[in-house]
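Below is one structure, written out as structure tokens, with a few remarks after it.
The numbers here are math on the coordinates, done by the rules we state, and not lab data. All values reported here derive from a predicted model rather than from experimental measurement. Reconstructed Cβ throughout: ideal geometry from the backbone, glycine too, with neighbour counts over all protein chains shown.
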Amino acid sequence: MILQALCDYYERKRDELPKYGFENKKIPFVIVIDENGQFISLEDTREMDGKRKVVREFLVPKLPQTRKAKDEVVRSGLTAGIAIDHFGYVAGQAKCDKKTKGYLEKDVVLAKEQLAGFQAKTDQLAKILLNDSGVKSLARFYQDEANLDKLKQHESWNDVVKQDGTMLAFRLAGCAHLVCQSHDVIRYIESETALESDGFCLLKGDNAKIARIHSVIKVKGSQESKPKTPRVVSFNQKSFESLGKSQSYNSPIGELASFQYSTALNHLLSGHSQNSFHIGDMDYLFWSEKRTPLENTFSAIFGYSDNPDSGTEAVKSLFQTIHNGAYTAADGQDRFYLLALAPNSARIMVRLWQNGTVAEFAENLAQWFHDLDIVGRDHYGYPPLIRLLRATALKGEDKHLSPRLPADLLRAILLNQPLPISLVNALLYRMKIEKCPKDKNEKAIKDNLDFLRTSAIKAWLNRQNRYNPTFKEVTVSLNPEEDRPGYLLGRLFALLEKLQQDANPGLNATIRDRYYSSASTTPQSVFATLMRLHTHHLKKIENPKWRGSMEKRIGEVMAKIQQFPSHLNLENQGLFAIGYYHQRQHLFSKNTTSKESQHESE
């Protein structure tokens, strides 16, 4: 199903993706030669993007597949590319050994074999493409050994050999295209890739030439877990094979189908793709059967856009589109796909695969943002997924995220299911251990974190209990009618903290720093102390009307609390956080503040 959907995506994007036999390749340096094959210069294609150099991509003939021998990836000289390859083939340059900082004899021998293979391939091509001036000039280039010496003496050559496997191509002086991009070369490759069938393709359902080795997939992931040649389909051990079949013949997929799915996958994973985002060690890819507005806004909805306001606009657009009925029409029945990939030591792992109609996904996303909605959203906007996830991690860093949480949370969102319990556990833990900042800048960040965490806890509570017959939905803002103990205790804690702050202006630390963790889990152990403290704080309030107002508010909440529980379960701990947040927002809202100011001045 996954590979078939990727093949369909290739067909949909056929005009934008390379044809069979070609690929987009990053080529940092181009060797410029004249018609006589003489070396002219070494052209650097890299361009500055801010402080880093970005390598230009070219559409070129696809390089032959690698074969794996022991733990090294090698290609024999007979598998050289067509007028393009790495410096071993093009210039006979051995790679530098990282340990000795020199050249090992085996690498020098291999580079000579590769160069000989590249020269033989070029001579063979020149005999076939008699009218291609670029190929003929390239053959002449290798007839004069001085050309390689001039190439290696060029000032940019040191940059070429800095990185193993630097790609090199050729361009004829005065031509805009590379030698490997000429019309004659393209027609030759198309004729060479005409396939003969030798088996039955499981993806296409027809007779085809079966791929022995599948293409490498350019996943990101961590360097520690990233395999040297990551593939989706791979039989790299004899123990994986059966019925006398070797390598990928164990799961017969045609070379054309293999090319299509791998090209589509690498396109989705590319840096310029708007159809992917990266969290932790996983790449998340999404696409639809046909072009749809959801495909264009999906990444922005989850917070992976350079424009911080684009996520809010994307969510507004989503609600508007659903309201207008666009996703209930024919287009709403098209399929939408989400795929999460992660590398490991052997091959690429599929961590998440979800598919459904565009209408289903759009409605479930709208429900997700409805569940998240909480007071403060007008100021902070709709919380994107990445910020919610980072709110669960130490220092808000991706490397501290729970490995399974992103995929589990995405699955719950897209299927409109209860959220994973690991989410609320992580959020409550961060709220209990983090201290209130003293710096104004840090305080603004902390307030934002409170908003993010509380909105996610609200979503968790509402989804957890939605199918309960006695379910009582957690509201967006302060609910005076809510009588669940966790919510009431959270409200009371917020009122006691505000009283302490008013009684002691400029206080460096409040009761939240010292008592929040205990108050939200074992309230019986601390609330007696807090209530004794509050009597002292009341005495310090000089304005009698304000003192009376706070006494009244605290009394109203206390009247609903029968007793302080010895322990709060997870649901009530979540309600405590929401009650605390709701009450704080109500205390500091503009309407409340203006009324209180008027009340004090009377």
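Quick notes on this one:
- For Thr79, Thr535, Thr529, Thr122, order by how many other beta-carbon atoms lie within 10 Å, fewest first: Thr535, Thr529, Thr79, Thr122
- Each of Lys446, Lys435 was scored by other Cβ atoms within 10 Å of its Cβ. Listed from fewest to most, they are Lys435, Lys446.
- Spin-label pair Lys101-Glu57: with each label point 7 Å from Cα along the Cα-Cβ axis, the two points sit 3.7 nm from one another.
- Above-threshold pairs, the threshold being 31 Å between Cα atoms, out of Lys112/Lys136; Lys51/Lys101; Lys19/Lys316; Lys26/Lys152: Lys19/Lys316
- Taking θ as phi - 60° and the Karplus parameters 6.51, -1.76 and 1.60, the scalar couplings of region 250-259 work out to 5, 10, x, 10, x, 4, 5, 5, 4, 5 Hz in sequence order, x denoting glycine and proline.
- Computed label-point distance, nm, for sites Ala194 and Arg212 using a 7 Å Cα→Cβ extension: 2.3 nm
- From least to most packed, judged by other beta carbons within 10 angstrom and beginning with the fewest, Ser422, Ser182 follow the order Ser422, Ser182.
- For the pair Ser525 and Gln274, the difference between a 0.36 nm per residue extended length and the Cα-Cα distance amounts to 85.2 nm.
- Taking amide hydrogens as placed 1.01 Å from N in the peptide plane, the amide H of Met349 sits under 5 Å from those of Ala342, Asn344, each at least 5 positions away in sequence or on another chain.
- Karplus-derived 3J(HN,Hα) values for region 427-435, using 6.51 cos²θ - 1.76 cosθ + 1.60 with θ = phi - 60°, are 5, 5, 5, 5, 5, 6, 9, 7, 7 Hz; glycine and proline are entered as x.
- Label of the coordinate-derived value, mean projected area of the Cα convex hull in nm², listed as (1) 38.1; (2) 36.4; (3) 27.0: (2)
- Legend: calculated FRET efficiency, Leu533 to Gln163, from the Cβ-Cβ distance at R0 = 51 Å, rounded to 0.05, equals 0.20.
- Relative intensity of region 477-601 on a log10 scale, I(q)/I(0) at q = 0.14, 0.18, 0.19 Å⁻¹, equals -0.58, -0.96, -1.07, per a Debye sum over C-alpha point scatterers of equal strength in the absence of solvent.
- Computed label-point distance, nm, for sites Gln38 and His567 using a 7 Å Cα→Cβ extension: 8.9 nm
- For region 359-365, putting each phi into the Karplus relation 6.51 cos²θ - 1.76 cosθ + 1.60 with θ = phi - 60° gives couplings of 4, 4, 5, 5, 5, 5, 5 Hz, in residue order, rounded to whole numbers and with x for Gly and Pro.
- GluC sites (Glu not before Pro) lying in DSSP loop within region 442-533, provided at most 15 other Cβ fall within 10 Å: Glu473, Glu481
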